[in-house]
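Worksheet for the structure shown next.
A short reminder: the numbers here are calculations on the coordinates, not readings from a lab. Fair warning: this is a prediction, and the values are worked out from it, not measured in the lab. Positions of Cβ are backbone-derived with ideal geometry, glycine not excepted, and every protein chain shown enters the neighbour counts.
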Amino acid sequence: MSNKILKMATVGGGCFWCTEAVFQEIKGVEKVVSGYSGGTVPGHPTYREICSGLTGHAEVVQITFDPNVISYEEILVIFMTTHDPTTLNRQGADRGTQYRSVIFYHDNTQKVIAENVVKEVAKYYEDAIVTEIAPLDVFYEAEKEHQDYYRNNQNQGYCSFVITPKLAKLRKLHADKLK
């Protein structure tokens, strides 16, 4: 039996397939689940409903990690440097509130860390950071076909043209954090 105490982080940086693929490569990350959070429509939304942009939910990933291997702060630095936190409701060609940059904190400690990380990384961007920092209310797991998407669809066009370059950037910027 393990004495390992795991923590969770919930972030959205555009399409959850991209964010999921990034964090599946990080040492200390035990699990990454794609899902939805931050919406105003009650009940478990579907991918189709999220894509309409009418539910208010963002595509997010919930990251379960070992804080003895990687800190919440390091998770957020990786997050903030592997997507564009300066574009409102957009990542690349993906547009809409469901693709917003957001950190959903689980407690006040995470809130303070998130605010500090955003402030620190802002120095490295020309444009203002628009990443929303909000309390996590409810996380809804996405449908099965959205889990492990990159691993299961690497030859698909979106994966080849969007996710593969994002992973190359991750490997360049954060090589010391990779599994």
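Below, the figures for the structure above:
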read-out: Net charge over other residues, Cβ less than 11 angstrom from the Cβ of residue 59 (K, R count +1; D, E count -1); value: -1
read-out: Among beta bridges that DSSP assigns inside the chain, antiparallel share in %, nearest 5; value: 85 percent
read-out: Neighbourhood charge, 11 Å Cβ-Cβ cut-off, centred on residue 99 and excluding it, Lys, Arg +1 and Asp, Glu -1; value: 0
read-out: Nearest-0.05 FRET efficiency for residue 73 and residue 4, computed from C-beta distance (R0 25 Å); value: 0.85
read-out: Convex hull projection area averaged over all views, the range 65-107, Cα basis, nm²; value: 3.7 nm²
read-out: Per residue convex hull volume, Cα atoms of the chain, in Å³; value: 127 Å³
read-out: Packing-based ranking, highest mean first, of 85-98, 50-63, 149-162, 13-26 given that Cβ atoms within 10 Å are counted; value: 13-26, 50-63, 85-98, 149-162
read-out: Segment residue 140-residue 126, extension gain: residue separation times 0.36 nm, minus the distance between their alpha carbons; value: 1.6 nm
read-out: Modelled FRET efficiency - R0 30 Å, residue 108 with residue 64, Cβ distances, 0.05 increments; value: 0.90
read-out: Whole-number percent relative contact order across the range 7-106, with pairs defined as alpha carbons under 8 Å at least 6 apart; value: 42 percent
read-out: The range 44-64 versus the range 113-135: alpha-carbon centroid distance in Å; value: 22 Å
read-out: Cα gyration tensor category, rounded, prolate or oblate, for the range 32-114 with a/c compared to 1.5; value: prolate
read-out: Pairs from 27/123; 4/166; 31/169; 4/27 whose Cα-Cα separation, in the structure shown, is over 23 Å; value: 27/123; 4/166
